[in-house]
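Working notes, structure below.
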């Protein structure tokens, strides 16, 4: 039996899921490259105050590693990170993992992939599986004078535990999930919080209740409860996703819910400032049980004037007002279109990833690209990653990849890549479906690509899972036959 050498790049959710899938399928010759010092990906890198997942805990987990010990309805970042580390150790990934090594380049040689690491080693692999995620390269705002600020500047994904917040005036730039969580956590803990808002967000209300000891005990003793809870949440998200991709009652209902939630802001002037001019879910929906309470506190200020520049002592807005600050927090998100970059990837005939993606990231079924044989992506372009748990996406895509590896092990082919024609048809279908989605209803968001269309799967997540778990259509792929049998 042929044994493939496999490189997995990234040890976050997708990389861990892929590693477990490989071991369960009997593939043992793989290396998991991780540039950080531990597992967890974005849940390792983000440790800012108030960090909470916006997907319920009992759904944001792997089906092969149900956790009865979740502490709350929505888990905190450290809890999710601990869960992922536990999964990796429990499933024997440590012996395959090389921490502190960033893959800098991968080149297809015609006889496999030559992979270069930051440790200076160059190794050959039959397959490269990119599990780099899409929220890992911080997006720094281009604001004049940012470098002149004498206080502390931190991006939310580069939090420093050595920075003392007590007694400090804190400014928060950004109003997405991270910005709202920071304001909710810091309000009342520091003398002053100033939130600089460019675009208001719709807020979905929730109550992040804690699970009782009795509840946890029941989940430990009756595993079926965990599975039932998982599928109950899955059903809710399936219904919710209808509103994302089709106009109708679900979209109307969500709009009513968030508008009603906004009425909890008592001051009509403040409420008007917090009212978006676009449909709910056009941007990623923010889920919070703290933000509206926090923003109404007397020690929290919402600034809607645009930022003109930053000086040594704070932020100057377009109306000429100077906002004195000691700490400036950048909740400005990530370069969500980078995916595997800045890793230099070269496919057949010297074709680079930057050349292939000159018009924007594109892939076939979210996992493969033409001209890059035996290279797979997890949570790649046009995967269903809006308010959908990436654990479910990673499981479905891992199953597809294991299917191809199993066929390679059986000697059916040497290399596989989708055809350009199949990729073009696939992307054309998605573009045709995009206008019916909520993401094209009139807002600017990180979902949109260079052409103004969302780089997301434009149908329901369940439709994607059905597609990616189905048998691949032979005509959509170019397979080369094995020339030499390896042992």
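The values are calculated or read from the model by the stated rules, or taken from the named source; none is laboratory data. Because the structure is predicted, anything quoted here is derived from the model rather than measured. Cβ atoms come from the backbone with ideal geometry, glycine included; neighbour counts cover every protein chain shown.
The residues of the range 136-156 that are part of a loop (DSSP other than H, G, I, E, B) and modelled with pLDDT under 95, listed by number, are 136, 137, 139, 140, 141, 142. Yes or no: the range 79-97 includes at least one residue that is closer than 28 Å to residue 329 by Cβ, part of a helix (DSSP H, G or I), out of contact with any helix residue (DSSP H, G or I) (no Cβ under 6 Å at 6 or more places or on another chain) and modelled with pLDDT under 95. Taking every residue of the range 79-97 in turn, none turns out to be closer than 28 Å to residue 329 by Cβ, part of a helix (DSSP H, G or I), out of contact with any helix residue (DSSP H, G or I) (no Cβ under 6 Å at 6 or more places or on another chain) and modelled with pLDDT under 95. Test residue 26 against the criterion of being at positive phi, out of contact with any helix residue (DSSP H, G or I) (no Cβ under 8 Å at 6 or more places or on another chain) and either modelled with pLDDT of 95 or more or part of a strand (DSSP E or B) (or both), and give yes or no. Yes. When residue 336 is tested against the conditions (1) at pLDDT 95 or above; (2) part of a loop (DSSP other than H, G, I, E, B), the lone failure is (1).
Looking only at residues in the range 423-437 that are in contact (Cβ under 8 Å) with a residue 24 or more places away in the chain and more than 9 Å from residue 364 (Cβ to Cβ), which one is surrounded by the most Cβ atoms within 10 Å (Cβ to Cβ)?
Residues of the range 423-437 in contact (Cβ under 8 Å) with a residue 24 or more places away in the chain: 423, 426-427, 430, 433-434, 436-437.
Now restrict to residues that are more than 9 Å from residue 364 (Cβ to Cβ): 430, 433-434, 436-437.
Working: 430: 20, 433: 14, 434: 20, 436: 13, 437: 24.
Taking the candidates together, the pick is 437.
Considered as a group, the residues in the range 280-299 that are more than 20 Å from residue 445 (Cβ to Cβ) and in contact with a helix residue (DSSP H, G or I) (Cβ under 6 Å, 6 or more places away or on another chain) include one that is modelled with the lowest pLDDT, and that residue is 290. Could you grab me the full set of residues in the range 29-45 that are surrounded by fewer than 20 Cβ atoms within 10 Å (Cβ to Cβ) and either without any contact (Cβ under 8 Å) to a residue 60 or more places away in the chain or part of a loop (DSSP other than H, G, I, E, B) (or both)? Scanning the range 29-45 gives 29, 35, 36, 37, 38. Only a single criterion out of (1) buried (at least 20 other Cβ atoms within 10 Å of the Cβ); (2) within 19 Å of residue 29 (Cβ to Cβ) is not satisfied by residue 70, namely (2). Here 167, 133, 226 are screened, and the one residue that is surrounded by fewer than 20 Cβ atoms within 10 Å (Cβ to Cβ), in contact (Cβ under 8 Å) with a residue 24 or more places away in the chain and part of a loop (DSSP other than H, G, I, E, B) is 167. Is the range 449-465 home to any residue that is part of a helix (DSSP H, G or I) and over 26 Å from residue 19 (Cβ atoms)? Scanning the range 449-465, I find at least one residue that is part of a helix (DSSP H, G or I) and over 26 Å from residue 19 (Cβ atoms), so the answer is yes.
With respect to the stated conditions, residue 103 is out of contact with any helix residue (DSSP H, G or I) (no Cβ under 8 Å at 6 or more places or on another chain) and either within 13 Å of residue 328 (Cα to Cα) or modelled with pLDDT of 95 or more (or both).
Of the residues making up the range 256-269, those that are surrounded by 15 or more Cβ atoms within 10 Å (Cβ to Cβ) and either in contact with a helix residue (DSSP H, G or I) (Cβ under 9 Å, 6 or more places away or on another chain) or free of Cβ contacts under 8 Å to residues at least 12 places away in the same chain (or both) number 3.
Would you confirm whether or not the range 210-222 contains a residue that is in contact with a strand residue (DSSP E or B) (Cβ under 9 Å, 6 or more places away or on another chain) and either in a loop (DSSP other than H, G, I, E, B) or surrounded by fewer than 16 Cβ atoms within 10 Å (Cβ to Cβ) (or both)? Checked against the condition, which is being in contact with a strand residue (DSSP E or B) (Cβ under 9 Å, 6 or more places away or on another chain) and either in a loop (DSSP other than H, G, I, E, B) or surrounded by fewer than 16 Cβ atoms within 10 Å (Cβ to Cβ) (or both), the range 210-222 yields at least one hit.
What are the residues in the range 229-245 that are touching a helix residue (DSSP H, G or I) at 6+ places or on another chain (Cβ under 6 Å) and under 18 Å from residue 443 (Cα atoms), if any?
Quick first cut of the range 229-245, residues touching a helix residue (DSSP H, G or I) at 6+ places or on another chain (Cβ under 6 Å) only: 238, 241-244.
If the condition is that a residue be touching a helix residue (DSSP H, G or I) at 6+ places or on another chain (Cβ under 6 Å) and under 18 Å from residue 443 (Cα atoms), then 243, 244 are the ones that fit.
For (1) within 22 Å of residue 335 (Cβ to Cβ); (2) touching a strand residue (DSSP E or B) at 6+ places or on another chain (Cβ under 9 Å); (3) free of Cβ contacts under 8 Å to residues at least 40 places away in the same chain, each residue gets a yes or a no:
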| position | (1), (2), (3) |
| --- | --- |
| 385 | yes, no, no |
| 394 | yes, no, no |
| 397 | yes, yes, no |
| 408 | no, yes, no |
| 441 | no, no, no |
| 444 | yes, no, no |
